[in-house]
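Read through the structure below, which is laid out as structure tokens, and then see the notes.
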Amino acid sequence: MFRSTQHQRSPDIERRRLTSALTVAAAAAFTGARWMPSGLAPSVAAQGAPALKELAPPGWLIGVAINQNQSDARDSIAVDLITRQFNSISPENLLKFESVQRQAGVFTFDAQDRYVAFGRDRGMAVIGHTLVWHSQTPAWVWAGGDGVPADRATLLERMRTHITTLVGRYKARIRGWDVVNEALNDDGTLRDSPWRRGIGDDYIAKAFEFAREADPGAELYYNDYNLATRPDKRAGAIRIVKDLQQRGLRIDAVGEQGHWRLNSPSPADIDRTITELRATGVKVMITELDVNLLPPAGPRGEPPPPGSNPYANGLPDDVQQTLARYYADAFRVFLKHRDDITRVTFWGVSDGDSWLNRGRVNHPLLWDRQRQPKPAFGEVVRVLASPPARRAGN
Ligand code: XIL
């Protein structure tokens with residue numbers, strides 16, 4: 001499934017040819033210059049910037065979550081960036097339960113079909129996100145009659161219908177699905193999700209079973225956050241994987257969302273996380289990467305406390321450089337594990353697109369609000385262009 005043979009087919013010669021040119025280009029990004037350094041190989045200069053997808057190790061996907069303005073091609077600058085830089089897309093919201101089946105039995109597929117076509121037309125790996133989650137799911141799903149919660153049989157039927165319809169529609173066109181999202185508490189116990197309350201702990205296994213039935217060829221993933229920062233939660237994810245394996249169900253990879261901060265997780269945390277998840281036998285993906293630079297927001301509904309929007313007028317250079325170093329360190333760890341990882345997906349194209357703004361001004365991604373590459377982009381390019389040694393034992 002993960003085409004391990006591709007790992008042997010190394011494009012080292014091509015990469016070496018590009019490396020010196022790219023290092024120049026990366027340095028230009030660092031100083032904020034436009035992408036036209038002299039001495040750049042024409043093939044690189046013509047594209048204006050090196051492409052992450054071309055620098056990534058064979059067998060890796062470099063993905064990005066896209067919104068509807070992008071999948072409908074209204075945001076043409078972003079479309080251009082997505083097309084040049086990435087070889088995988090995730091739908092930021094379009095394939096969530098509430099977007100697909102807001103009312104019982106009424107499925108909406110127009111924008112969803114365009115999202116899938118957007119990726120297929122560009123030869124990208126199209127990802128499905130997400131089938132079973134406690135969030136962005138309409139209340140009718142869990143409701144029984146007379147204000148009581150739906151019983152197990154009803155919930156299983158609704159789950160099966162949703163999964164069968166959605167996964168079945170995009171059979172052989174969506175590469176892989178986040179089958180279950182965020183099923184864990186930070187202490188590693190199962191979250192008190194309405195799915196679990198109604199069905200029981202085996203709701204996770206059932207979701208994987210239905211997904212496999214609907215498209216036996218699709219990769220199936222478990223996806224969650226804080227797996228790198230909370231060892232107990234990571235242990236919970238490993239239990240989920242082992243439980244699925246013991247039941248003989250398909251699971252291809254665990255996604256650590258990668259909503260990170262400058263101080264956490266550390267490179268050592270990321271390293272340990274990949275090693276431990278991979279030891280189950282499944283692959284590891286970083287599925288929603290961004291780096292939140294803002295202090296915690298105040299309580300919902302209240303005006304933000306003073307000082308909570310420190311970068312409203314731009315990111316100071318020292319923080320910009322710290323962010324670049326954080327991304328470089330993270331990618332060095334990813335590359336050390338390049339045979340364990342199959343995909344790194346950013347949660348948004350540019351800072352202006354990020355879900356992390358929410359009324360403030362955040363700077364979590366590789367491109368700024370003007371869609372210009374940030375120093376962090378240059379650093380990721382530099383690290384991808386000269387990968388560190390593989391992890392011992394590989
Ligand atoms: C976020 C989207 O980016 C927002 O636009 C939306 O309002 C809320 O959801 N974990 C996930 C993603 O799995 O689906 C979430 O996406 C971010 C956290």
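The values are calculated or read from the model by the stated rules, or taken from the named source; none is laboratory data. Predicted model only: the values in this text are computed from it and were never measured. We place every Cβ from the backbone using ideal geometry, glycine too, and count neighbours over all the protein chains shown. Ligands, DNA and RNA are stripped out before the accessible areas are found, and what is left, the full protein with its side chains, is counted by its heavy atoms. Shrake-Rupley method; radii C 1.70, N 1.55, O 1.52, S 1.80 Å.
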Worksheet item: What is the sum of charges around H129, taking Lys and Arg as +1, Asp and Glu as -1, for the other residues whose C-beta is under 11 Å from the C-beta of H129?
Response: -2
Worksheet, complete the sentence: Of the accessible area of the range 68-170, computed with a 1.4 Å probe and all protein chains kept, carbon and sulfur make up a percent value of 48 percent
Worksheet item: Could you give P(r) for the range 174-309, binned at 10 Å from zero, as whole percent values over all Cα-Cα pairs?
Response: 12, 38, 31, 14, 5, 0
Item to complete: On a C-alpha basis, how far is the centre of the range 110-143 from the centre of the range 224-283 in Å? Whole number, if you could?
Response: 23 Å
Fill in: Residues listed by number, the range 184-226, amide nitrogen under 20 Å from A143 label point at 7 Å toward C-beta
193-199
Worksheet item: Which value in nm describes the separation of the simple spin-label points at S135 and R325, placed 7 Å from the Cα toward the beta carbon?
Response: 3.1 nm
Worksheet item: Per q in 0.26 1/Å, what log10 I(q)/I(0) does a Debye calculation on the alpha-carbon atoms of the range 256-346 return?
Response: -1.34
Worksheet, complete the sentence: GNM of the chain, Cα pairs under 10 angstrom: of N223, N309, N263, the biggest fluctuation goes to N263
Item to complete: Express in whole angstrom the spacing between the alpha-carbon centres of the range 338-380 and the range 287-336.
Response: 10 Å
Worksheet item: Using heavy-atom solvent-accessible surface (probe 1.4 Å) with all chains present, what is the largest-first order of K283, K233, K53?
Response: K53, K283, K233
Worksheet entry | Charge dipole of the chain about the Cα centre (unit charges at C-beta), most positive-ward option of A49, T322, F109 | A49
Item to complete: At 1.4 Å probe size, with every protein chain present, just tell me what the per residue accessible area of the chain comes to in Å².
Response: 42 Å²
Item to complete: With springs connecting C-alpha atoms under 10 Å apart, model the chain as a Gaussian network and identify which of G307, G348, G200 has the largest mean-square fluctuation.
Response: G307
Worksheet item: Once you put a point 7 Å from the Cα of R239 and another 7 Å from the Cα of D110, both along the Cβ direction, what distance in nm separates them?
Response: 4.5 nm
Worksheet item: Based on Cα positions only, what radius of gyration and what Dmax would you give for the chain, in angstroms?
Response: 21.0, 72
